[in-house]
1. Does residue 143 satisfy being in contact with a helix residue (DSSP H, G or I) (Cβ under 9 Å, 6 or more places away or on another chain), without any contact (Cβ under 8 Å) to a residue 24 or more places away in the chain and not in a helix (DSSP H, G or I)?
2. Going by the conditions given, is residue 108 touching a strand residue (DSSP E or B) at 6+ places or on another chain (Cβ under 8 Å), modelled with pLDDT under 95 and surrounded by fewer than 21 Cβ atoms within 10 Å (Cβ to Cβ)?
3. Given 82, 88, which one is part of a loop (DSSP other than H, G, I, E, B) and under 23 Å from residue 131 (Cβ atoms)?
4. Across segment 51-64, what is the number of residues that are part of a loop (DSSP other than H, G, I, E, B) and either surrounded by fewer than 17 Cβ atoms within 10 Å (Cβ to Cβ) or touching a residue at least 60 places away in the same chain (Cβ under 8 Å) (or both)?
5. If residue 16 satisfies all but one of (1) closer than 22 Å to residue 183 by Cα; (2) in a helix (DSSP H, G or I); (3) in contact (Cβ under 8 Å) with a residue 60 or more places away in the chain, what's the number of the condition it fails?
6. Considering segment 99-141 alone, what residues qualify as being closer than 19 Å to residue 161 by Cβ and over 11 Å from the mean Cα position of the chain (by Cα)?
7. Filter segment 205-221 down to the residues that are closer than 22 Å to residue 166 by Cα and touching a helix residue (DSSP H, G or I) at 6+ places or on another chain (Cβ under 8 Å), then identify the one that is modelled with the lowest pLDDT.
8. Which of the residues spanning segment 170-181 are at pLDDT below 95 and in contact with a helix residue (DSSP H, G or I) (Cβ under 7 Å, 6 or more places away or on another chain)?
């Protein structure tokens, strides 16, 4: 497979586009800063032209973004405020009965297996949940962290009922939350938001089964 079609490369370019837009740069304005025509960036962002590492460094310099921070954002190197293994974006391999995720911690790669899920299925799930958690960082966000986690759990359990629930909770939802959420300390935030989310999710999901025993779901506030 050519590099330009590798999911990891496509994630890198999408993050670069988002970074450009966050900095208020158009393709034209950013291209002029690196002495290139607009079509140069246009072809890179539409995956018609492959970006090499020197060109990437030039673009990051023009955006005044340190390479380390960009690669932390992409998930290729760990964030310094998290002491947990974090999934590298779109870095997943097929194995006999599922997929293997590549996680990074302390400059080392750790591999975690998820059974009963295919590579393309995992990539879609990762993208959906990552997008959900990224929105929590916005200053005008109105969605509670707890409720975003509940939505992520619903995506996992509804789309992949044969995957181990514990793996979906810990290896997917928890680790993606740590990777994407940065408005406050993610590990501390998870202690409260994650705990409330799993309680409410389980009560909602199993309320019909528990109701005959006098157990009702708590009121969501």
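The values are calculated or read from the model by the stated rules, or taken from the named source; none is laboratory data. Quick caveat: nothing in here was measured; it's all calculated off a predicted structure. So basically every Cβ, Gly included, is an ideal-geometry build from the backbone, and we count neighbours across all protein chains shown.
1. Yes, satisfied.
2. Considered against the rule, which asks whether it is touching a strand residue (DSSP E or B) at 6+ places or on another chain (Cβ under 8 Å), modelled with pLDDT under 95 and surrounded by fewer than 21 Cβ atoms within 10 Å (Cβ to Cβ), residue 108 comes out as no.
3. 82
4. The total comes to 2.
5. (3)
6. 99, 113, 114, 115, 116, 117, 118, 119, 120, 121, 122
7. Ranking the qualifying residues of segment 205-221, first place goes to 217.
8. If the condition is that a residue be at pLDDT below 95 and in contact with a helix residue (DSSP H, G or I) (Cβ under 7 Å, 6 or more places away or on another chain), then 178, 180, 181 are the ones that fit.
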